[in-house]
Amino acid sequence: MRGCKICHIDPDSPLRGCAAVGDALVAINGNRIHDVLDYKYFAYDTRLAVELEGENGARRTVHIQKPEGGELGLDFETYLMDKAHSCANRCVFCFIDQMPRGMRPTLYFKDDDARLSFLMGNYMTLTNLSKREVQRIIDLHISPINVSVHTTNPDLRAFMLGNKRAGETLDIMRSFAKGGIVMNCQIVCCPGLNDGKELLRTMEDLAGLYPQVKSVSIVPVGLTKFREGLYPLTPFDEALANETLDLVEGFGDECVSRFGERIFFCGDELYLKAKRPIPEDAFYENYTQLENGVGMLRLQKTEFCGALRMADEPDGVPFSVAAGVSAAPFLQELVDLAHAQFPALDGRVYAIENDFFGRSINVTGLITGQDLIRQLKGRDLGERLLISANMIRHDEQDFLDDVTLEEASAALGVPIYPIRQDGFDLCDAMFGILPELPEPKRTTRQGEFYAYNPHE
């Protein structure tokens, strides 16, 4: 079996002049290199015996020295040096199954890959892992990893994930905990399935794995209008959102008393659905679950208020902000705070209904270009429109429906600036300190994964 083919060598690589593009990396210090995890782990040391195979099949070993942890400076045909592991589940709540046809192919790929969990923060269900792969994660100490748990009831998990192996999760997590692997977990909460008593059971089981289970987010299931033929799920309403918040916050209070850490946190979306204030800054401790939409709004407000204290007068140019229905009132609150301190600030917030996926989807990250254009056309947008960077792919500068930022800007007649989920950046943009817009890349780099979170 040939190793991983090298497609680029950095100018400062310690293998420069010893390896060539087209060579395959076979082993490091006698350890076979199967993928990016092996590569990063075994290339960490200072003295390396690197086994290479030329395009003619001849193998040679190169001995090099480098700083501990220093990069070898090699690029391979794919980011993972292997194919991504696709999901073997048929989850009753899967968001990808609820998308319309005709979108770009990468949006339909379901990954369930331990390597992407470690390297890019993707969540995995553990159903794809063989015993050998479980042991490799422990042996290489691949930590932390992100685990989609949903429930620790074996029968219920097998049903919810549509996979008979799904019930083995708690045993695998116990093995990880024993091996010192830190886990951050996610529960997509589905009314009538894994909420209430089942949710309490799951939290109790996961708390039993503390401190290796470091944090757990509870986020509401996202349901689009494209659910024909799928399992009948019920969305959260205000009453159930409040009930779930009470349950999770109460259990989190117990964890603070027992462990000194809260561990369990609800996504911001649940607070918005319950029409309850987002908890204060100290509640979120280290903000471990920001990427899952947990505490994101609180941190943004904390940062925004800090930025306001240092701000100079705004440029006086009128602007607008577009956001999902759930986040728009929060952003309006920030605009009002800024206006109260700087009356010259002239901004307005527009809530965008999600007609593309269905109006039960009200988060900002799933707004499409066509909905943005249709609902803002002819509105008073001022001289610049601010949107969340979560709406677009960074490199390609396009929305989920492939409408480009350039096309949306031309249709609305104003420049559109994607702003990171950062209170300082948002304050700067409101006051006229604007980010540079990168030139869009029309081609997707090999091995690049575009992950979007329906809860942001």
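Structure above, values below:
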| read-out | value |
| --- | --- |
| Residue-averaged [θ]222 nm for the chain, counting only DSSP H segments that reach four residues, each worth -39500 (n - 2.57) | -9000 deg cm²/dmol |
| FRET E, pair Glu333, Leu437, Förster distance 22 Å, beta-carbon r, rounded to 0.05 | 0.20 |
| Whole-percent carbon and sulfur share, accessible surface of the chain, 1.4 Å | 50 |
| Whole-number Å³ per residue for the convex hull built on Cα positions in segment 318-437 | 89 |
| Cα gyration tensor shape of segment 319-380, rounded if a/c is under 1.5, else prolate or oblate by comparing a/b with b/c | oblate |
| Positive dipole terminus of the chain, leading residue within Leu161, Ile419, Gly208 (C-beta point charges) | Leu161 |
| Over 27 Å between alpha carbons, listed pairs Lys164/Lys273; Lys110/Lys131; Lys225/Lys377; Lys83/Lys225; Lys225/Lys275 | Lys164/Lys273; Lys83/Lys225 |
| Average projection area in nm² (convex hull over Cα atoms of segment 89-237, one quarter of hull surface) | 9.1 |
| Rounded, prolate or oblate (a/c below 1.5 giving rounded, otherwise prolate when a/b exceeds b/c) for segment 131-204 by Cα gyration tensor | prolate |
| Principal axis dimensions, largest first and in whole angstrom, of segment 153-277 by Cα | 43, 38, 20 |
| Proximal lysines relative to Lys66, as straight alpha-carbon distance under 23 Å, when same-chain residues fewer than 8 apart are discounted | Lys5, Lys40 |
| Residues with amide H under 5 Å from that of Phe76, placed H, sequence gap 5 or more | Cys7 |
| Span-like helix ranges in the chain, DSSP H, alpha carbon extent 18 angstrom or more, Kyte mean at least -0.5 | 238-259, 296-310, 328-341 |
| Those Cys residues of the chain for which no other cysteine Cβ falls under 4.7 Å | Cys4, Cys7, Cys18, Cys87, Cys185, Cys189, Cys190, Cys255, Cys266, Cys305, Cys427 |
| ³J(HN,Hα) computed for each position of segment 322-327 - Karplus, 6.51 cos²θ - 1.76 cosθ + 1.60, integer Hz, glycine/proline x | 10, 8, x, 4, 6, 8 |
| Among beta bridges that DSSP assigns inside segment 1-84, antiparallel share in %, nearest 5 | 95 |
| Accessible area (Å², per residue) of the chain, counting only protein heavy atoms and a probe of 1.4 Å | 45 |
| Dipole magnitude of segment 205-320, debye to nearest 20 (Cβ charges: Lys/Arg +1, Asp/Glu -1, about Cα centre) | 220 |
| Calculated from backbone phi, Karplus (6.51, -1.76, 1.60) coupling profile of segment 29-42 in Hz, x at Gly/Pro | 6, x, 9, 4, 9, 9, 7, 5, 5, 4, 4, 5, 6, 7 |
| At R0 = 51 Å, FRET efficiency that the Cβ-Cβ distance of Lys164 and Asn56 yields, to 0.05 | 0.65 |
| Dipole of the chain, positive end: most advanced residue of Asn31, Ile218, Leu199 [Cβ charges, Cα centre] | Asn31 |
| Descending Cα extents along the principal axes, segment 201-333, whole Å | 54, 45, 24 |
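The values are calculated or read from the model by the stated rules, or taken from the named source; none is laboratory data. All values reported here derive from a predicted model rather than from experimental measurement. Neighbour counts run over all protein chains shown; Cβ positions are idealised from the backbone, glycine included. Ligands, DNA and RNA are stripped out before the accessible areas are found, and what is left, the full protein with its side chains, is counted by its heavy atoms. Shrake-Rupley method; radii C 1.70, N 1.55, O 1.52, S 1.80 Å.
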